[in-house]
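Down below is the structure, laid out as structure tokens.
The values are calculated or read from the model by the stated rules, or taken from the named source; none is laboratory data. Values in this document were obtained by computation on a predicted structure and should not be read as measured data. Every residue, glycine as well, gets a Cβ built from its backbone with ideal geometry; the counts of neighbours run over all protein chains shown.
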Amino acid sequence: MLGSDYSVSELVIMAFEGTSLSAKTIAAIEREKITHFILFIPNYDSRVQLIALTDEIQKRVARFSTIPAIISADQEGGRVQRFRPEFTLLPNALKVGRQGSPNIAFELARIQARELFAAGVNLNFAPVCDINTNPANPVIGDRAYGDHFDIVSRMSSAVVRGHLAEGVEACAKHFPGHGDTHVDSHDALPILDTPIETLRQREWPPFHRAMKSGCNFVMSAHLLLPHLDPKFPGTFSKTFLKTYLRKELQFQGVIISDDMEMGAVVHNFGAEEAPVLALQAGCDLLCYRHEDQTLIAIEAIKKAIQDKRLNPLELQVSIDRVRAVRKKLKLPSQTLTLSERLARIGSDENRAFVQKHF
């Protein structure tokens, strides 16, 4: 079993319903000692509400943990921006890339992170390091900074540095590269025949640049490259996560799975089997968009430990990786008043910068 200081829930990120914590969610947090969360559009109503929600999460977690909770969101800009009313509306990555200016990308990321930090969100699932290699790609498109690894690398580096400058962690996604797919992994499993040398020369430089810029998180992609791993997609592949990402690219940070409830996963793996396979492959954190599915995963992981399918010592290494980042997180309530936090979100200065350049 895990050591007494560790909890299986430290291997998952949980979503929940509503704009406040329900009695059911509070009970789950306290029972399982859940410390990692992701927020979506239905969790947001206003600046005041979001600040109250994230503060409440931190207070609940502080009852059983001495280090801050991770509260995450997808706030890329463009069509993927979970918090819109009252926040500064950000341009999509393609528009940013077309400016060709890492300085502008850096300042935009600072605006992005400054508002997230004030709201209590400390991990943003950005930048998208995928290259828009396939113009017909149904899932990436204008979420990518461009169709060449050089511009994507320079923009990704700037975005990571901008986030870190404002106290928010960034996450490079989606490794090993989702830009050349013809299928949306939200719906089904994409299958690619990209050669390994093309991955190394074209798809991976942006990820490597993001890592060198201090990015502590990389998100795996649910896509299959059968000539490199004929059985398992990226999230479930030791080849991609342990051999390429860990050993070849020397990534020492946290590997987060893409949403474990996407079609590419649920149509190919069972709800109890998927979390076990992903952890075996080398994921450190598994991301879920529903509370009930998170709890199913937690129970499946507990059973896999008992059945000796998962090594507790390896899981503790994963948890320690995450804790190392959590220990560096700062809470906005420690440095800002409520009025200062509210003033940062959607400020005239932030909006003016976006309007000036876009």
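What do you reckon, is Ser22 of a type outside the set (A, V, I, L, M, F, W, C) and more than 19 Å from Ser157 (Cβ to Cβ)?
Details: of a type outside the set (A, V, I, L, M, F, W, C): yes; more than 19 Å from Ser157 (Cβ to Cβ): yes.
In short, yes.
Taking the conditions exactly as written (within 24 Å of Ala324 (Cα to Cα) and in a helix (DSSP H, G or I)), does Arg98 satisfy them or not? Here the answer is no, as Arg98 does not meet what is asked. None of Glu272, Glu291 is in contact (Cβ under 8 Å) with a residue 12 or more places away in the chain and either closer than 23 Å to Gly214 by Cα or over 18 Å from the mean Cα position of the chain (by Cα) (or both) except Glu272.
Here's a check for you: in the stretch 128-148, which residue that is small (Gly, Ala, Ser) and modelled with pLDDT under 90 is nearest to Ala221 (Cα to Cα)?
Narrowing the stretch 128-148 to residues small (Gly, Ala, Ser): 136, 141, 144, 146.
Checking which are modelled with pLDDT under 90 leaves us with 136, 141.
Working: Ala136: 18, Gly141: 16 Å.
Ranking the qualifying residues of the stretch 128-148, first place goes to Gly141.
The numbered conditions (1) surrounded by 18 or more Cβ atoms within 10 Å (Cβ to Cβ); (2) at pLDDT 95 or above are all true for Glu17 except (1). Just one of the listed residues (Ala352, Ala278) is in a helix (DSSP H, G or I), of a type in the set (Gly, Ala, Ser) and surrounded by fewer than 21 Cβ atoms within 10 Å (Cβ to Cβ), and it is Ala352.
Restricting attention to the stretch 226-244, which residues are assigned to a helix (DSSP H, G or I), over 25 Å from Leu39 (Cα atoms) and among the aromatic types (Phe, Trp, Tyr)?
Those that are assigned to a helix (DSSP H, G or I), over 25 Å from Leu39 (Cα atoms) and among the aromatic types (Phe, Trp, Tyr): Phe240, Tyr244.
Name the one entry in Pro205, Pro176, Pro230 that is over 17 Å from the mean Cα position of the chain (by Cα) and either more than 22 Å from Asn137 (Cα to Cα) or buried (at least 24 other Cβ atoms within 10 Å of the Cβ) (or both).
Pro230
For Arg154, state whether it is part of a helix (DSSP H, G or I), basic (Lys, Arg), touching a Ser or Thr at 6+ places or on another chain (Cβ under 8 Å) and more than 16 Å from Arg246 (Cα to Cα). Answer is no for this residue.
Matching residues to (1) in a loop (DSSP other than H, G, I, E, B); (2) under 20 Å from the mean Cα position of the chain (by Cα); (3) among the hydroxyl-bearing types (Ser, Thr, Tyr):
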residue: Gly3; (1), (2), (3): yes, no, no
residue: Ser9; (1), (2), (3): no, yes, yes
residue: Ile13; (1), (2), (3): no, yes, no
residue: Phe16; (1), (2), (3): yes, yes, no
residue: Leu21; (1), (2), (3): yes, no, no
residue: Thr25; (1), (2), (3): no, no, yes
residue: Glu30; (1), (2), (3): no, no, no
residue: Ile34; (1), (2), (3): yes, yes, no
residue: Phe37; (1), (2), (3): no, yes, no
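Scanning the stretch 218-243 for residues that are modelled with pLDDT of 95 or more and touching a Pro at 6+ places or on another chain (Cβ under 7 Å) yields a single hit, Phe240.
One residue stands out among those in the stretch 250-268 that are part of a loop (DSSP other than H, G, I, E, B) and under 13 Å from the mean Cα position of the chain (by Cα): the one that is surrounded by the fewest Cβ atoms within 10 Å (Cβ to Cβ), which is Gly253.
When Val325 is tested against (1) in contact (Cβ under 8 Å) with a residue 60 or more places away in the chain; (2) surrounded by fewer than 19 Cβ atoms within 10 Å (Cβ to Cβ); (3) of a type in the set (Val, Ile, Thr); (4) more than 27 Å from Leu108 (Cβ to Cβ), exactly one condition is not met: (4).
Pick out the one residue from Ala297, Ala271 that is buried (at least 21 other Cβ atoms within 10 Å of the Cβ) and either out of contact with any Lys or Arg (no Cβ under 6 Å at 6 or more places or on another chain) or part of a strand (DSSP E or B) (or both). Walk me through how you get there before you give the answer.
On the way: Ala271 fails: buried (at least 21 other Cβ atoms within 10 Å of the Cβ).
Within the list Ala297, Ala271, the selection yields Ala297.
Which one of these is in a loop (DSSP other than H, G, I, E, B), basic (Lys, Arg) and at negative phi: Lys247, Lys303, Lys328? Please lay out each step first, then the result.
Values: Lys247 fails: in a loop (DSSP other than H, G, I, E, B); Lys303 fails: in a loop (DSSP other than H, G, I, E, B).
Result: Lys328 is the single residue among Lys247, Lys303, Lys328 that is in a loop (DSSP other than H, G, I, E, B), basic (Lys, Arg) and at negative phi.
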